[in-house]
1. Can you spot a residue in the range 48-58 that is at pLDDT 95 or above, in contact with a helix residue (DSSP H, G or I) (Cβ under 7 Å, 6 or more places away or on another chain), assigned to a loop (DSSP other than H, G, I, E, B) and within 22 Å of Ser90 (Cα to Cα)?
2. Among the residues of the range 24-47, write down those that are of a type in the set (Val, Ile, Thr), over 17 Å from Glu88 (Cβ atoms) and loosely packed, with under 15 Cβ neighbours inside 10 Å.
3. Test each condition in (1) part of a helix (DSSP H, G or I); (2) more than 26 Å from Ile18 (Cα to Cα); (3) of a type in the set (A, V, I, L, M) for Leu76 and report the one that comes out false.
4. Taking the range 57-71 as the search range and keeping residues that are exposed (fewer than 15 other Cβ atoms within 10 Å of the Cβ) and of a type in the set (S, T, N, Q), which one is farthest from Ala19 (Cα to Cα)?
Amino acid sequence: MKLITSFIALALAGGLAIAKEVTAEIKVKGMTCGSCAVAVKKALNTTKGVKRADVSLEKGIATIVYEDTQVTDRQLRTAINRSGFEAEPSKAEK
């Protein structure tokens, strides 16, 4: 019980970052078939902090649910790029 109380006290004092589940949509260029979408989805789903990823070939969009304390938007884009496709840069990167 003491450990749980200490954890709660630290969290309340701002000593711990509380993970927030975030959903991002990233445009993906270069996908031409279902296998392309599967490759992007696999790259995202194997990235630490990603809860789930869905990729729409038709829309050219990856929808990713992730914990913001585990992975950044930039890391998600890097995972897509490393899978052989091009993630549209974020507004901050443009």
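The values are calculated or read from the model by the stated rules, or taken from the named source; none is laboratory data. Worth saying up front: this structure is predicted, and the values here are computed from it rather than measured. Counting neighbours? That spans all protein chains shown, and the Cβs are built from the backbone with ideal geometry, glycine included.
1. Yes, the range 48-58 contains a residue that is at pLDDT 95 or above, in contact with a helix residue (DSSP H, G or I) (Cβ under 7 Å, 6 or more places away or on another chain), assigned to a loop (DSSP other than H, G, I, E, B) and within 22 Å of Ser90 (Cα to Cα).
2. Val38, Thr46 - these are the residues of the range 24-47 that are of a type in the set (Val, Ile, Thr), over 17 Å from Glu88 (Cβ atoms) and loosely packed, with under 15 Cβ neighbours inside 10 Å.
3. Leu76 satisfies all of (1) part of a helix (DSSP H, G or I); (2) more than 26 Å from Ile18 (Cα to Cα); (3) of a type in the set (A, V, I, L, M) except (2).
4. Among them, the one singled out is Gln70.
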